[in-house]
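The values are calculated or read from the model by the stated rules, or taken from the named source; none is laboratory data. This is a predicted model, so every value here is computed, not measured. As a convention, Cβ positions derive from the backbone with ideal geometry for all residues, glycine included, and neighbour counts pool all protein chains shown. Just the protein is used for accessible areas: all its heavy atoms, side chains included, with ligands, DNA and RNA removed. Shrake-Rupley method; radii C 1.70, N 1.55, O 1.52, S 1.80 Å.
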Amino acid sequence: MRLPNSAHESHPWRIREVAPDFRLEDVWALPVHGGADDFETLLEVMASLDPAKGASLATRVLFSIRYRIGGLLGWDDPPDTLPVPERSETTLSARLPRDLRNSASGPDLSSHGFVALYRTDVEWAAELSNRTVHGVIHLCWVEQGEGRYQGQMAVYVKPRGRLGAVYMAAIAPFRHRVVYPALMRQIERAWNARTAQDWVLSGD
């Protein structure tokens with residue numbers, strides 16, 4: 001379920017220290033619930049996913065089109081020297097507070113262009129940089145009361161000039177109506193399969 005930005009901004013997430021000049025583009029409640037110690041499981045589940053190869057035909061087609069266009073226009077060429085828009089640093093890792101440095105463990109999303117930034121007990125963030133945007137995916141474990149938690153995903157972006165702004169506006173309807181709903185279903189299936197497997201292995 002898509003959430004209002006306030007559902008994310010009402011918590012003191014550390015990402016706001018790292019990317020205060022980025023726009024909070026999307027917030028989604030993930031279809032996963034667990035206890036305080038299950039954030040690691042969420043990260044493992046997220047690492048196992050590939051939306052471009054999911055069950056949704058529409059999503060696969062959209063990703064295929066995006067990759068083809070990006071390849072032709074060079075959007076996804078390695079941006080070794082591209083700075084964060086309107087800044088001099090090339091990576092948000094340069095902004096990390098001392099206590100978050102060298103904490104970047106968790107899912108490996110490098111095959112999707114993301115590089116991990118940091119991790120805490122209830123947060124994980126990674127950045128992506130290409131010729132259209134500099135973006136951040138943020139995963140967190142939100143307390144719901146009585147020892148229960150739910151996953152949440154937020155996306156922060158900083159477009160690269162007019163091209164980036166036009167690109168983000170153009171893909172917004174597809175993200176909200178096709179890509180993210182399909183991703184939520186993929187996450188739910190993977191989470192249910194993982195928790196069922198853990199239940200069998202535990203012998204309960």
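Of note:
- Among the helices (runs of 4 or more DSSP H) confined to the stretch 1-91, the ones with at least 3 residues that are modelled with pLDDT of 95 or more are located at 5-9, 15-18.
- Residue tally, condition in a helix (DSSP H, G or I) and farther than 19 Å from Asn5 by Cβ, over the stretch 146-182: 10
- The listed residues are Tyr180, Tyr149, Tyr167, and the only one of them that is modelled with pLDDT of 85 or more, at negative phi, aromatic (Phe, Trp, Tyr) and open to solvent by 30 Å² or more (accessible area, probe 1.4 Å) turns out to be Tyr149.
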